[in-house]
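Trainee: Dropping the structure in here first, questions after.
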Amino acid sequence: MDKNNIESVPFLAGVMGHPISHSKSPKLHNYWLSKYKINGHYIPLSITTDKLKNSIKSLIDLGFKGVNITIPHKTNVLSLADSVTDRAALIGAANTLYFSKSGTVHADNTDGYGFIQNIIDVIPNYDFYDKTALIYGAGGSARAIASALISNGMKEVGITNRTRSKAQIISESLGAKVSVVDWRTAPETVAEIDIIINATSMGMVGQPEFSQPISRAKKTALVVDIVYNPSVTSLLKQAEQLKLQTVDGVGMLINQAVPGFEHWFQKTPVIDDDIRRLIVD
């Protein structure tokens, strides 16, 4: 094979999950590939759990640079990786895999990074130091967000979940600054909170609306919803009626994708209004 043919081989990456049709990642990454005129493809891959290990090996053999990981594989992939970042190990889940030329698998979790960067994009001078947060939900996203908030100087992070034991697991694994808030008393607890966060599927298209009232929130509270479809959720509507500052989930989705794209395609993408409109439409 001559040099020109070698150079024309496209960069390959994708997103693995099951189901996969809900993922906005292909639209996002392929927009950037087109914008920057990069010879590459980002492919949705519907992979069941029983085929996960062999699929990763096959992708490496096919020359893939890596993949994003979505439900239900975020936890399982850690055991298949040759190395895991500290933040992915702490969170107990990975959403990004990098494949080396030698065939090794490196696992990372960029959800927390995406969450923090999203807030900074909307409120450039936002200071996390010594503030309090309340996170609704106790899944992988909640764990990633709690970890990122503590790393950015938050004084205390509360976790509230219908199944209290799941919140307790996160609290015990992340240390003294992360506590459990009873689901039934959360509406009263928000009165003391600086950042109110929905990290559940409540409010997502096809799911029940956000069920918890935040009417007691203080006027300076920031309300963040990681749900991005729709971009204006029932929680954010509730916050807007209370004249509270809000941040939607679209920016988190975009920001968490940046490290992977940068690594796989050797280009740092710029986040602009065009990419936001693409995701929302």
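Trainee: Does Ile116 qualify as being touching a helix residue (DSSP H, G or I) at 6+ places or on another chain (Cβ under 7 Å) and touching a residue at least 12 places away in the same chain (Cβ under 8 Å)? Don't jump to the end; show me each part of the working.
Mentor: Values: touching a helix residue (DSSP H, G or I) at 6+ places or on another chain (Cβ under 7 Å): yes; touching a residue at least 12 places away in the same chain (Cβ under 8 Å): yes.
Yes.
Trainee: Scan segment 266-275 and give yes if some residue there is assigned to a strand (DSSP E or B) and among the β-branched types (Val, Ile, Thr), otherwise no. Give the steps one after another, and end with the answer.
Mentor: As a first pass, look at segment 266-275 and keep what is assigned to a strand (DSSP E or B): none.
No, because not a single residue in segment 266-275 is assigned to a strand (DSSP E or B) and among the β-branched types (Val, Ile, Thr).
Trainee: So which pairs qualify, if the first residue must be in segment 121-132 and in the same structural domain as Ala146 (by TED's automatic domain parsing), the second must be small (Gly, Ala, Ser) and assigned to a loop (DSSP other than H, G, I, E, B), the Cβ gap must be under 9 Å, and the two must be at least 6 apart or on different chains?
Mentor: Asp127/Gly153; Phe128/Gly153; Tyr129/Gly153; Asp130/Gly153; Lys131/Gly153
Trainee: Condition check: charged (D, E, K, R) and outside the structural domain of Val122 (by TED's automatic domain parsing). Does Asp274 satisfy that?
Mentor: Details: charged (D, E, K, R): yes; outside the structural domain of Val122 (by TED's automatic domain parsing): yes.
So Asp274 passes the test.
Trainee: For segment 236-281, name all the residues that are among the acidic types (Asp, Glu) and surrounded by 15 or more Cβ atoms within 10 Å (Cβ to Cβ).
Mentor: Asp248
Trainee: Quick one: count up the residues across segment 34-54 that are over 21 Å from the mean Cα position of the chain (by Cα) and surrounded by 16 or more Cβ atoms within 10 Å (Cβ to Cβ).
Mentor: Result for segment 34-54: 2.
Trainee: Can you find, within segment 71-101, the residue that is nearest to Pro44 (Cα to Cα) among those that are of a type in the set (Ser, Thr, Tyr) and free of Cβ contacts under 8 Å to residues at least 40 places away in the same chain? Working first, answer last.
Mentor: Initial filter on segment 71-101 (of a type in the set (Ser, Thr, Tyr)): 75, 79, 83, 85, 96, 98, 100.
Imposing the further condition that a residue be free of Cβ contacts under 8 Å to residues at least 40 places away in the same chain reduces the set to 79, 83, 85, 100.
Values: Ser79: 22, Ser83: 24, Thr85: 24, Ser100: 20 Å.
The selected residue is Ser100.
Trainee: Take the residues of segment 55-78 that are surrounded by 18 or more Cβ atoms within 10 Å (Cβ to Cβ) and of a type in the set (Val, Ile, Thr): which is farthest from Thr104 (Cα to Cα)?
Mentor: Going through the qualifying residues, I end up with Thr70.
Trainee: Taking only pairs six or more apart or across chains, which ones have beta-carbon atoms under 6 Å, a first residue in segment 170-188 that is under 16 Å from Gly137 (Cβ atoms), and a second residue that is charged (D, E, K, R)?
Mentor: Pairs found: Ile170/Arg143; Trp183/Arg162.
Trainee: On to the next question. Name the one entry in Ile135, Ile119 that is under 30 Å from Leu236 (Cβ atoms) and in contact with a Ser or Thr (Cβ under 8 Å, 6 or more places away or on another chain).
Mentor: Values: Ile119 fails: in contact with a Ser or Thr (Cβ under 8 Å, 6 or more places away or on another chain).
Only one candidate passes the filter, namely Ile135.
Trainee: Can I ask one more? When you look at Gln212, is it farther than 17 Å from Asp111 by Cβ and either surrounded by fewer than 18 Cβ atoms within 10 Å (Cβ to Cβ) or touching a residue at least 24 places away in the same chain (Cβ under 8 Å) (or both), yes or no? Show your work before the answer.
Mentor: Numbers: farther than 17 Å from Asp111 by Cβ: yes; either surrounded by fewer than 18 Cβ atoms within 10 Å (Cβ to Cβ) or touching a residue at least 24 places away in the same chain (Cβ under 8 Å) (or both): yes.
So Gln212 fits the description; yes.
Trainee: Can you find, within segment 93-140, the residue that is nearest to Leu253 (Cα to Cα) among those that are polar (S, T, N, Q) and surrounded by fewer than 22 Cβ atoms within 10 Å (Cβ to Cβ)? If you could, list the steps in order and put the result at the bottom.
Mentor: First, pick out the residues of segment 93-140 that are polar (S, T, N, Q): 95-96, 100, 102, 104, 109-110, 117-118, 125, 132.
From what is left, the residues that are surrounded by fewer than 22 Cβ atoms within 10 Å (Cβ to Cβ) are 100, 102, 104, 117, 125, 132.
On the way: Ser100: 25, Ser102: 30, Thr104: 26, Gln117: 10, Asn125: 21, Thr132: 23 Å.
Only one residue fits best here, namely Gln117.
The values are calculated or read from the model by the stated rules, or taken from the named source; none is laboratory data. The structure displayed is predicted, hence computed values, not measured ones. No Cβ is skipped: glycine too gets one built from the backbone with ideal geometry, and neighbour counts run over all protein chains shown.
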